[in-house]
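The structure under discussion appears below in the form of structure tokens.
None of the figures in this text is laboratory data; all of them are computed from the coordinates on show. Just so it is clear, the structure is predicted and the values come from calculations on it, not from any experiment. Cβ: placed from backbone, ideal geometry, glycine included. Neighbour counts: every protein chain shown.
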Amino acid sequence: MILTVKTKAKTELIDITSQVQKQIDSLARESGITDGLCMLFVPHTTAAVTINESADPSVREDILTVLNEMVPWNAPYRHLEGNSPAHIKSSLIGASELVVVENGRLVLGTWQGIFFCEFDGPRTRKVNVKLLGNSA
Ligand code: ZN
């Protein structure tokens, strides 16, 4: 299943946990799989997916602040498209995550949320969501 994410800023982290859970709900209904793994894959070279604290929004701001300091927009990059920092951040964070699914629910820690990471927005993005497991 494809989850569509509309980003609004050049760089931002968007909490997609509830949208992923909705996809898992319908995938579980269709397949009969209630226990297994949720695989998330971002098919973009200037975006990523990560899991981190969703309770305090300052955490995602701090992550972006540090990433922007680590990978500045102005540097002697060779890539002519001008978005090398976005490509580099995408590789630093990564294009996929795996989350355990039990009884049809994503098993996340109390403070954890799933974040889509936009590094060259705003754009309309996709996240591939798969539910892997054996049906009863
Ligand atoms: Zn590029």
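Considering ALA75, ALA86, the condition of being within 16 Å of the ligand (Cβ to nearest atom), in a loop (DSSP other than H, G, I, E, B) and of a type outside the set (Lys, Arg) is satisfied by ALA75 alone. Output the number of residues of segment 15-28 satisfying the condition of being surrounded by 19 or more Cβ atoms within 10 Å (Cβ to Cβ) and assigned to a helix (DSSP H, G or I). Within segment 15-28, residues that are surrounded by 19 or more Cβ atoms within 10 Å (Cβ to Cβ) and assigned to a helix (DSSP H, G or I) number 5. If you check ALA55 against the conditions, is it more than 16 Å from the ligand (Cβ to nearest atom) and in contact (Cβ under 8 Å) with a residue 40 or more places away in the chain? The answer is yes for ALA55.
Per-residue answers, yes or no, for (1) touching a Pro at 6+ places or on another chain (Cβ under 6 Å); (2) within 27 Å of HIS87 (Cβ to Cβ); (3) part of a helix (DSSP H, G or I):
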| position | (1), (2), (3) |
| --- | --- |
| LYS10 | no, yes, no |
| LEU13 | no, yes, no |
| GLU30 | no, no, yes |
| THR34 | no, no, no |
| CYS38 | no, yes, no |
| HIS44 | no, yes, no |
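No other residue among MET70, MET39 is among the hydrophobic types (A, V, I, L, M, F, W, C), in contact with a strand residue (DSSP E or B) (Cβ under 9 Å, 6 or more places away or on another chain) and away from the ligand (no atom under 16 Å from the Cβ) apart from MET39. When the residues of segment 89-135 are filtered to those that are of a type in the set (Gly, Ala, Ser) and away from the ligand (no atom under 16 Å from the Cβ), the one that is surrounded by the most Cβ atoms within 10 Å (Cβ to Cβ) is GLY113. Applying the set (1) in a loop (DSSP other than H, G, I, E, B); (2) touching a helix residue (DSSP H, G or I) at 6+ places or on another chain (Cβ under 7 Å) to LEU80 leaves exactly one unmet item: (2).
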